[in-house]
Amino acid sequence: HQPHQANAAVSPRNEESVVHGLSETVVGVLGGGQLGRMLCQAASQMAIKVVVLDPQDNCPASSFSHHHMVGSFDDSATVQEFAKRCDVLTFEIEHVDVTTLEKLEKQGVDCQPKASTIRIIQDKYQQKVHFSQHDIPLPEFMRLDDLEGAKKVGKRFGYPLMIKSRRLAYDGRGNAVAKREEELTSAVDALGGFDRGLYAEKWAPFVKELAVIVARGRDNTISCYPVVETIHRDNICHIVKSPADVKWKIRERATEVAFNAVNSLEGAGVFAVELFLTEDGEILLNEVAPRPHNSGHHTIESCYTSQYEQHLRAVVGLPLGDPSMKTPAAIMYNILGEEEGELGFQLAHQLMKRALTIPGASVHWYDKPEMRKQRKMGHITIVGPSLSNLDGNLATILEGKTLDDK
Ligand code: ATP
Ligand code: MG
Ligand code: MG
C-alpha cells in the first residue's frame, strides 16, 4: 500500500493553533481494528483527534477516526511517516515494528506506553522472563529449540503441555497442546516448527480465568478496574462477567498481582492483565496486553470511565477517571463468526436483534468487511442488578439454551 498524503485537516505540529478542545494532542493509534474503533468513539466525545494507521482501507476504526493512513504498522518507513502526523503514538495491537519505535523515541517521539514495554510484551517468552524477574507468579515456562529439548521439558512439566509461539499470537492462534510425548511433533508442526520461536508452559489447572484492566497516567498514578471473569471457547475470549464471582481475598490478590505486573512496565495507558485462578486459590499471570482489551469492553456501559476513555486520558496526560462500576453487574458476549459469508452475517444480526428486546443490553457491531468463522465481529453487553439475572437475559438472547452449550 502507498501511504495516503497527509490530510490537510491534520495540522503540522509546529503550527501555532488555538486550543478549543480538552487536549490539542493528536493521538496516533497503530492498528485500526475494533479496539481502535472504540478508542475513536470515546475520543469523539471528548473532541480528541485520533489518527489511525492500518493496512486495510475499510478497517473498523476507519470511519470513526479523524484521519486514517492506509499502511502497515509493521513497516519502518510507514511508521516514521505516520509519527510525523501525531503528538503521541499509542497502540491497539502489540505486533508492531518496535525497532522503529525505539529509534523514533530517541529522536523525541512520544510513545505511550514506551517502546521498551512493547518489546517485552510482543515476545511472550521475553514477557515471561521479565515478569519472573519481577517476582510475578507465573506457570513454569521454558524455551524450546528442538525435539530432544522439548521431550526433556515434557518430562519436567508433565502433560498436557502447552506449547506457544513467542510472537504474533492472538485468539489462541499461537497455542498448541501436546497431550503426551508422542504429540510433541504434531503440536510443534502446527505452530510452524521450532524455527518460528516456541516456548512451553506448564499446564495451569485453573478453576477460573480472571482479568484486570490497569491504567497508568503520565504522572505514574495507577488505577485498577474491578476484577472480571473471562470465559474462553476454543482459546478465544467469549464471555466476560463483571465483577468476578470470587471471594474478596481472591479479588484483592488478583488486583495486587495485576498492579505489580503493570508497575514493572513503562509508560502511560491501559493494560490488561490475564490471570489464572487455581483450585488452591493461587493467582498466576497468563499474559499482559499493553492496550485496551476484550475483557474491558463492558466498561463502556458499566463503569464511570470506560477503558477507552481512560486510555486516551492517560496518553494525553489528562487526569484518570473513576474505574468503578456504576451498575451492580455486567456481562459481555463476543459475537464470533459462526459461518462464512452471508449466512454468518444473518446469524449475527439475528442475535443482535434479539438483544435489542432485552432491557440493559447494548450492541456493538465492528463493521468488518468480511465474515469469517471464529472472527470477533461484534459484542453485546448487558448491565443489570446481578450476574444471575444477566445470565438469564443472555440465555434468552441465545434462544434459551444454557450458556454451557455456547
Ligand atoms: P489473546 O487473544 O488473549 O492474546 P493468546 O493467543 O495470546 O490470546 P493465551 O492468552 O496465551 O493466547 O492463551 C489463550 C487461552 O489458552 C488462555 O486464555 C487459556 O484459556 C488457555 N491457556 C493459556 N496458557 C495456558 C496454560 N499454561 N495452561 C492451561 N491453559 C492455558
Ligand atoms: Mg495474547
Ligand atoms: Mg490471552
In segment 233-269, the trypsin sites (Lys or Arg not before Pro) that fall in loop regions by DSSP, at most 16 other Cβ within 10 Å: Lys247
Inter-probe distance in nm under a simple model that places probes 7 Å from Cα toward Cβ, at Ser63 and Lys155: 5.9
Phi to ³J(HN,Hα) by Karplus 6.51 cos²θ - 1.76 cosθ + 1.60 over segment 57-69, Hz, x for Gly, Pro: 3, 10, 5, x, 7, 3, 6, 9, 7, 5, 7, 10, 9
Under-5 Å amide H pairs with Val26, H placed in peptide plane, nonlocal only: Asp87, Val88
Fluctuation leader among Gln374, Gln133, Gln307 - the chain, Gaussian network, Cα springs under 10 angstrom: Gln133
Prolate/oblate/rounded label for segment 183-280 (Cα gyration tensor, a/c 1.5): oblate
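Would you kindly state how much longer the chain becomes between Ser44 and Ser132 on full extension, computed as 0.36 nm times their sequence separation minus their alpha carbon distance, in nm to one decimal? Intermediate values should be presented prior to the final figure.
Details: separation 88, 0.36 × 88 = 31.68 nm, distance 3.95 nm.
The Ser44-Ser132 span can extend by a further 27.7 nm.
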Segment 251-356: GluC sites (Glu not before Pro) falling in loop per DSSP and having at most 10 other Cβ within 10 Å: Glu279
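Hey, can you list the DSSP H helices of the chain whose Cα span along the axis is 18 Å or longer and whose average Kyte-Doolittle score is at least 0.0?
Qualifying helices: 34-46.
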Set Lys114/Lys151; Lys124/Lys376; Lys114/Lys164 screened for pairs whose C-alpha atoms are more than 27 Å apart: Lys114/Lys151
Equivalent ellipsoid semi-axes, the chain, via Cα gyration tensor eigenvalues times 5, rooted, Å: 32, 27, 22
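Trypsin sites (Lys or Arg not before Pro), restricted to segment 318-389: which are DSSP loop and have at most 14 other Cβ atoms within 10 Å?
Values: sites: Lys326, Lys353, Arg354, Arg372, Lys373, Arg375, Lys376; in loops: Lys326, Arg372, Lys373, Arg375.
Those that pass, being in a loop and sparsely packed, are Lys326, Arg372, Lys373.
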In Hz, Karplus ³J(HN,Hα) per residue of segment 357-370 (6.51, -1.76, 1.60; θ = phi - 60°; x = Gly, Pro): 8, 9, x, x, 9, 10, 10, 10, 10, 8, 6, 6, x, 10
J(HN,Hα) series, segment 213-218, from Karplus relation 6.51 cos²θ - 1.76 cosθ + 1.60, nearest Hz, glycine and proline x: 8, 10, 10, 10, x, 5
Mean ellipticity per residue at 222 nm, deg cm²/dmol - from DSSP H runs of n ≥ 4 across the chain, formula -39500 (n - 2.57): -9000 deg cm²/dmol
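Dipole magnitude of the chain about its Cα centre, charges +1 at Lys/Arg Cβ and -1 at Asp/Glu Cβ only, in debye to the nearest 20?
Roughly 360 debye, rounded to the nearest 20.
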Estimated inter-spin distance, Lys106 and Tyr304, nm [label 7 Å along Cα→Cβ]: 4.4
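How would segment 298-369 be classified by its alpha-carbon gyration tensor: rounded, prolate or oblate, with rounded meaning a/c under 1.5 and the a/b versus b/c comparison settling the rest?
Oblate.
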Fluctuation leader among Asp74, Asp87, Asp146 - the chain, Gaussian network, Cα springs under 10 angstrom: Asp146
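Throughout, read-outs are computed from the coordinates displayed, never taken from laboratory work. Because the structure is a prediction, the values reported are computed rather than measured. All Cβ positions, glycine included, derive from the backbone under ideal geometry; neighbour counts span all protein chains shown.
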